[in-house]
Amino acid sequence: MFQFRMFRDISFALRQLTRHRVYALTAILSMALGIGATAAVYSVLYGVLIDPYPYRNADRIAFITIQNKQGRGGDIPLTLAEVDQLRQAKSVEAAFAQNDASMIATDGDIPQSVKVLEMTGNGLQFLDAPPLMGRVFTKAEAPEGVAPPPVAVISYPFWKTHFASSPDVLGKVLELNHQKYTVIGVVGPRFTWHDSEVYVPTPAGMDPRSRFQTLIRVRPGVSTEAAAGELTSFVEQVGHAEPSLLPRDGYHIKVETLNDWILGQFKGTLILLFVAVALLLLIGCGNVSILMLARGTARLQELATRLALGASRSRIVRQLLTEAVILSVTGGALGMAFAYGAIRLITGLIPEYSIPHEVVITLNIPVLLFSTAVSVVIGILAGLSPALQFSSPHIGQMIQSSGSRSTTSRGARTRAVLIVGQTALTVLMLAGAGASMRNFLEAYAAPLGFDSHHILTLRIGLPEKSFPGWQERVNYYDALIEKIKTTPGVTDAAISAVGLPPDNNWRQPVQVIGSALDSGRQSGVYLVSSEYFSVLRIPLLEGRTFTRAEVLRAAHFAVISKAFAQRYFPNSDPIGRQILPTQLSQVPSTLLRSPNIDQPYQVIGIVGDVRNDGLHRPILPQAYVPSTIFATGGNGFLVRTPGSPTAVLHDLSANIRTLNQNQAVSFVYSMDEYLSMFTWAHERFIAVLFAVFSFVALGLAAIGLASVVAYSVEQRTREFGIRTALGAPQWNVLLLTLASTARTTGMGLILGISLSIGLSDAVHRWTQSSLRDPSVLAVIAGVFLLASAVACLLPARRATRIDPMAALRDS
């Protein structure tokens, strides 16, 4: 019996909606946009937060991190002996250590740079992701301190590119740095741990002081806070052995899960984005409610007749809710098509390295189930108020008053609440879009302090154990620079050992020799070659920069920025003074350090300021010292060209191989591409998506306002006909039509601006945007009022064209 009634309700609802196509299509589109956007963002959240990894108990994989007073820090590297000691902690179920190794595939015609990850024997067992083919190495066959077998597990992409997806890859030989490894396994497509291409056991015979990145699995039932509390004493013990690992001005220990470590601030950005599309969905829901109210006015006679013939109120409610749910579910089905396109937009905008590369973002079964549930719930919510109102036993009184002005009715109050809420949410979204767009434009237009055009960035890593002496390594990098300069199309080249502006900066305390100690005196430090300033065209303001000879001997000279000179030498000439960046001499002893590394550095020049702490924070004082102060196993290179930077890459690689046939390059970008991917990407992601969703919200709000005005005209047809018959001018009728909508819109605008101001701090935490900017609020208020005026005027003009005789005859 229930199924039969449900079938009849659905059948009748479909006939009604088919008969009134414009109403149905408008409601379906409103739902489709809201549900589609919600499904797309939920797909991202599901992939990133709920199911990001193929590893066992990934939510309990964690890093031990050290946070300084400013809340900055990183994970603490450990020796193998310390890793073994860490495994004994009560809160730690397992631990393993890993180390990036720059290797060259020497089994092909052209040397290929390969990202190799050396792992303690239990590393792949720790992750416990089943391989696609073969097996993984184990702790039993590769115990720490014993020479492991020459075996390798390769990634899925490396299998496709290096072995052409050969099904008989197991047992084949892979040659890295002229050492042969037997391939024993291929991991699955989602296994992209550390973005490495080849996984090998940690070799024996390493310096016992060598430190490795270490991960733990927290025991079940133990919180990260409890684990951090237990491990604090362990970290302090490690700090006694290697004081350079711990900040001198205070710190605290955290245990951060793998996902929190990778996502950082971006997790909050995604949640904020989901809140935004939830608001969009509420606006769509409000639209359907308004449309159903407008449609219900035309059906008053029908509904009253059905009640008079004995239909129960529950029967009418069920019928109207059925229509609402059909609209919503149909909108949800169409929304899946919108979601597919929205997912492509979102994933294309997500900043590189801001989410795990293991993440798969797609319209999977959980997302579809979520979207179906949302469609049904939103349909019920959208239809509930109109259903209750138009199933009222007092519907006869509603019919009698439908042609008169009745601003105090429950229906009028419901419509007013809906329009105020819809307006407020739309204004809030527009404020977020305006603030994020301004934030992005400010970042994009911020003066960098250097010329990023026609620059090629690349990284050159040295094979393990090559050039083991400091001087040998310094000479090799110098020969590389000279070889790069001789490449056709290259005008200059430089080394940047620490990173690239405007973000990667080694911030540390600095002493000014001859001045009182001040722990608050901080500076960024870059290790650069003599050509760095000319390649990036950083202006020299006073003194001079390094010479090639000074860099080769790691002379203790420093070039400082204008901000450094103004802050720490406000009333004196800094040229000839000495400074000491304290952490330069505290680098691990396993690095190849120059002689007398702990001696002060004499200031020889002042250069222009360069963005070095992001694009929204003030420029920090900056010091530049020779790149040879310590010789790393890999350096970043900057290459200036007269034309397209990537055009010289092939010749550049070939020229480098004439110096060393086994040398490969990696991390190749033009500087402009690098800035786009890693500097502006976060602001662009927020700005574009908020702008798109806000534009949709504005469109939905405009539809809602137009529906309200159309509803008002429908209700007051007889009144307007009488006014026109009595000689009321058209502008008077037009103002009367718009008056009530203008009041509710104004209230919604004020509420929306108030919400924007009140929520500004929460939004700023995740987007660096302020919703309190008066200029932004003024612009979005103007945009909304303009859109509202256009949306309301079109249906309002109908009131000025009412035929008085026809209105009186039909009333």
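Find all pairs meeting these conditions: Cβ atoms under 6 angstrom apart; at least six residues apart or on different chains; first residue within segment 491-513 and polar (S, T, N, Q); second residue outside any strand (DSSP E or B) and modelled with pLDDT under 85.
Note: pairs meeting the criteria are Gln508/Gln583.
Restricting attention to segment 612-638, report how many residues are over 27 Å from Ser769 (Cβ atoms) and either small (Gly, Ala, Ser) or modelled with pLDDT under 90 (or both).
Going through segment 612-638 one residue at a time, the tally reaches 9.
Of all residues in segment 342-357, count the ones that are within 20 Å of Tyr53 (Cα to Cα) and among the charged types (D, E, K, R).
Residues that pass the stated criteria total 1.
Can you name the residue in segment 760-778 that is among the aliphatic types (A, V, I, L, M) and surrounded by fewer than 16 Cβ atoms within 10 Å (Cβ to Cβ) and, of all such residues, is farthest from Ala691 (Cα to Cα)?
If we filter segment 760-778 for residues that are among the aliphatic types (A, V, I, L, M), which is where we start, we get 762-763, 771, 776-778.
Next, from what is left, pick out any that are surrounded by fewer than 16 Cβ atoms within 10 Å (Cβ to Cβ): 762, 778.
Working: Ala762: 19, Ala778: 17 Å.
Here the answer is Ala762.
Go through segment 97-150 residue by residue and tally those that are closer than 22 Å to Ser165 by Cβ, surrounded by 21 or more Cβ atoms within 10 Å (Cβ to Cβ) and out of contact with any strand residue (DSSP E or B) (no Cβ under 7 Å at 6 or more places or on another chain).
Result for segment 97-150: 0.
For (1) among the basic types (Lys, Arg); (2) at pLDDT below 90; (3) assigned to a loop (DSSP other than H, G, I, E, B), each residue gets a yes or a no:
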position	(1), (2), (3)
Phe546	no, no, yes
Ala554	no, no, yes
Ala563	no, no, no
Asn571	no, yes, yes
Ile597	no, yes, yes
Gln602	no, no, no
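Scan segment 516-540 for residues that are surrounded by fewer than 14 Cβ atoms within 10 Å (Cβ to Cβ) and in contact (Cβ under 8 Å) with a residue 24 or more places away in the chain and report the count.
The first filter runs over segment 516-540 and keeps only residues surrounded by fewer than 14 Cβ atoms within 10 Å (Cβ to Cβ), leaving 516-520, 539.
Subsequent filtering for residues that are in contact (Cβ under 8 Å) with a residue 24 or more places away in the chain retains 519, 539.
Summing the residues that are surrounded by fewer than 14 Cβ atoms within 10 Å (Cβ to Cβ) and in contact (Cβ under 8 Å) with a residue 24 or more places away in the chain in segment 516-540 gives 2.
Filter segment 570-583 down to residues that are touching a residue at least 40 places away in the same chain (Cβ under 8 Å), polar (S, T, N, Q) and open to solvent by 40 Å² or more (accessible area, probe 1.4 Å), then give me how many there are.
As a first pass, look at segment 570-583 and keep what is touching a residue at least 40 places away in the same chain (Cβ under 8 Å): 577-583.
Keeping just the survivors that are polar (S, T, N, Q) gives 578, 582-583.
Next cut, open to solvent by 40 Å² or more (accessible area, probe 1.4 Å) only: 578, 583.
Adding up the residues that qualify gives 2.
Only residues that are free of Cβ contacts under 8 Å to residues at least 12 places away in the same chain and among the small types (Gly, Ala, Ser): list them for segment 80-95, please. Show your work before the answer.
Filtering segment 80-95 down to residues free of Cβ contacts under 8 Å to residues at least 12 places away in the same chain leaves 87-88.
None - no residue of segment 80-95 is free of Cβ contacts under 8 Å to residues at least 12 places away in the same chain and among the small types (Gly, Ala, Ser), so the list stays empty.
Which of the residues belonging to segment 584-607 are under 37 Å from the mean Cα position of the chain (by Cα) and buried (at least 16 other Cβ atoms within 10 Å of the Cβ)? If you could, list the steps in order and put the result at the bottom.
Within segment 584-607, the subset under 37 Å from the mean Cα position of the chain (by Cα) is 584-592, 606-607.
Leu584, Gln586, Leu592, Ile606, Val607 - these are the residues of segment 584-607 that are under 37 Å from the mean Cα position of the chain (by Cα) and buried (at least 16 other Cβ atoms within 10 Å of the Cβ).
Select from segment 158-168 the residues that are open to solvent by less than 80 Å² (accessible area, probe 1.4 Å) and over 26 Å from Gln663 (Cα atoms) and list them in ascending order.
Ser166
For segment 453-466: of the residues being within 27 Å of Phe630 (Cα to Cα) and modelled with pLDDT of 85 or more, which is most open to solvent (accessible area, probe 1.4 Å)?
Residues of segment 453-466 within 27 Å of Phe630 (Cα to Cα): 455-466.
After this cut, where a residue has to be modelled with pLDDT of 85 or more as well, the list is 455-460.
On the way: Ile455: 1, Leu456: 0, Thr457: 3, Leu458: 7, Arg459: 99, Ile460: 0 Å².
Among them, the one singled out is Arg459.
What's the number of the condition Ala664 fails, among (1) over 30 Å from Gly514 (Cβ atoms); (2) at pLDDT 90 or above; (3) out of contact with any Leu (no Cβ under 9 Å at 6 or more places or on another chain)?
Among (1) over 30 Å from Gly514 (Cβ atoms); (2) at pLDDT 90 or above; (3) out of contact with any Leu (no Cβ under 9 Å at 6 or more places or on another chain), the lone unmet condition for Ala664 is (2).
Of Arg567, Arg617, which residue is part of a loop (DSSP other than H, G, I, E, B), within 23 Å of Pro502 (Cα to Cα) and open to solvent by 10 Å² or more (accessible area, probe 1.4 Å)?
Working: Arg567 fails: part of a loop (DSSP other than H, G, I, E, B).
Result: Arg617 is the single residue among Arg567, Arg617 that is part of a loop (DSSP other than H, G, I, E, B), within 23 Å of Pro502 (Cα to Cα) and open to solvent by 10 Å² or more (accessible area, probe 1.4 Å).
Any residue at all in segment 533-542 that is in a loop (DSSP other than H, G, I, E, B) and under 21 Å from Gly636 (Cβ atoms)? Step through it out loud before you land on a result.
Going residue by residue through segment 533-542, those that are in a loop (DSSP other than H, G, I, E, B) are 537-539.
Retained after the next criterion (residues that are under 21 Å from Gly636 (Cβ atoms)): 537-538.
Within segment 533-542 (the criterion being in a loop (DSSP other than H, G, I, E, B) and under 21 Å from Gly636 (Cβ atoms)), the answer is yes, since at least one residue qualifies.
Going by the structure shown, is Ser166 in contact with a Lys or Arg (Cβ under 9 Å, 6 or more places away or on another chain) and without any contact (Cβ under 8 Å) to a residue 12 or more places away in the chain? Quick ask: steps written out before the conclusion?
Details: in contact with a Lys or Arg (Cβ under 9 Å, 6 or more places away or on another chain): yes; without any contact (Cβ under 8 Å) to a residue 12 or more places away in the chain: yes.
Yes, satisfied.
For the list (1) open to solvent by 10 Å² or more (accessible area, probe 1.4 Å); (2) among the hydroxyl-bearing types (Ser, Thr, Tyr); (3) closer than 19 Å to Gly121 by Cα; (4) at pLDDT 90 or above, I need the number of the one condition that Ser210 fails.
(4)
With (1) in a helix (DSSP H, G or I); (2) under 30 Å from His194 (Cβ atoms); (3) touching a Phe, Trp or Tyr at 6+ places or on another chain (Cβ under 8 Å) as the list, and Arg344 as the residue in question, which single condition is left unmet?
Going through (1) in a helix (DSSP H, G or I); (2) under 30 Å from His194 (Cβ atoms); (3) touching a Phe, Trp or Tyr at 6+ places or on another chain (Cβ under 8 Å) one by one, Arg344 breaks only (3).
For a quick check of your reading of the model, give me the residue pairs whose first member lies in segment 42-64 and is part of a loop (DSSP other than H, G, I, E, B), whose second is open to solvent by 20 Å² or more (accessible area, probe 1.4 Å) and among the charged types (D, E, K, R), with beta-carbon atoms closer than 6 Å and at least 6 apart or on different chains.
The qualifying pairs are Pro54/Arg190; Arg56/Asp128.
A quick yes/no check of all residues on (1) touching a residue at least 12 places away in the same chain (Cβ under 8 Å); (2) surrounded by 17 or more Cβ atoms within 10 Å (Cβ to Cβ); (3) closer than 25 Å to Ser585 by Cβ:
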| position | (1), (2), (3) |
| --- | --- |
| Ser244 | yes, no, yes |
| Pro247 | yes, yes, yes |
| Ile253 | yes, yes, yes |
| Lys267 | yes, yes, no |
| Leu280 | yes, yes, no |
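The values are calculated or read from the model by the stated rules, or taken from the named source; none is laboratory data. Only a predicted model underlies this, so the values are computations on that prediction, with no experimental measurement involved. Counting neighbours? That spans all protein chains shown, and the Cβs are built from the backbone with ideal geometry, glycine included. Ligands, DNA and RNA are excluded from the accessible area calculation, which covers all protein heavy atoms including side chains. Shrake-Rupley method; radii C 1.70, N 1.55, O 1.52, S 1.80 Å.
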